[in-house]
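Everything on this sheet refers to the single structure shown next.
Coordinate-derived values only; no laboratory data. The structure presented is a predicted model; accordingly, all values stated were derived computationally and were not measured. Using ideal geometry, Cβ is built from the backbone for each residue, glycine included, and neighbour counts are taken over all protein chains shown.
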Amino acid sequence: MKVIDRNRLVFRSMTLDDVATIVAIEQESFATPWTEEAFVNELTNNHFARYMVMDYENDVIGYAGMWTIMDEAHVTNVAVREGYRGQGLGERLMTELQRTALLFGARRMTLEVRVSNEVAKRLYAKLGFEPSGIRPGYYSDNMEDALIMWAELPESMEVEHRYDE
């Protein structure tokens, strides 16, 4: 694990130049990773999509994405590079995503998580997400169910880092 100085993290909008790195993070993080084409489509064609990267010393070490529709935000992806996990960076990334959702007018946030992913479920619960249902057979690699979770976003959150859209 590469220990980092959390004060030197930078959160910024994902660009097309980031896609190759994001795909590499996807491949080390998920059983069914998104493709380069999927991310390019999200960044160029989906006007609901908001993606950010977590940068450390000019190296993208994590990213998160969501769709903002009306007053709701739907988390699409969250991942941290393998060598940087276990330092609370997923929580920092999710907190930045929640702050950004507020900037885009969201009042609630939702996501799906594998029912077997206890680490992620604990993180989401810590951030105010509560279970609200199951999507049977949601994950195509093994037909695992997804737990649907929702969180009410606070009216404001202290901003530690600037995120420019």
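Descriptive notes on the structure:
- Loop-located GluC sites (Glu not before Pro) across segment 55-119 with a Cβ neighbour count of 12 or fewer within 10 Å are GLU57, with loop assigned by DSSP.
- Per-pair calculated FRET efficiency, R0 = 22 Å: GLU82 and PHE48 via Cβ, rounded to 0.05: 0.15
- 3J(HN,Hα) from dihedral phi, segment 91-98, Karplus parametrisation 6.51/-1.76/1.60, rounded to Hz, x for glycine, proline: 5, 4, 5, 5, 5, 5, 5, 5
- Peptides ranked, highest mean first, by Cβ atoms within 10 Å: ranges 29-36, 119-126: 119-126, 29-36
- Sum of -39500 (n - 2.57) over DSSP H runs of 4+, divided by residues of the chain (222 nm, nearest 500): -8500 deg cm²/dmol
- Percent of beta bridges antiparallel (DSSP, the chain, rounded to nearest 5): 90
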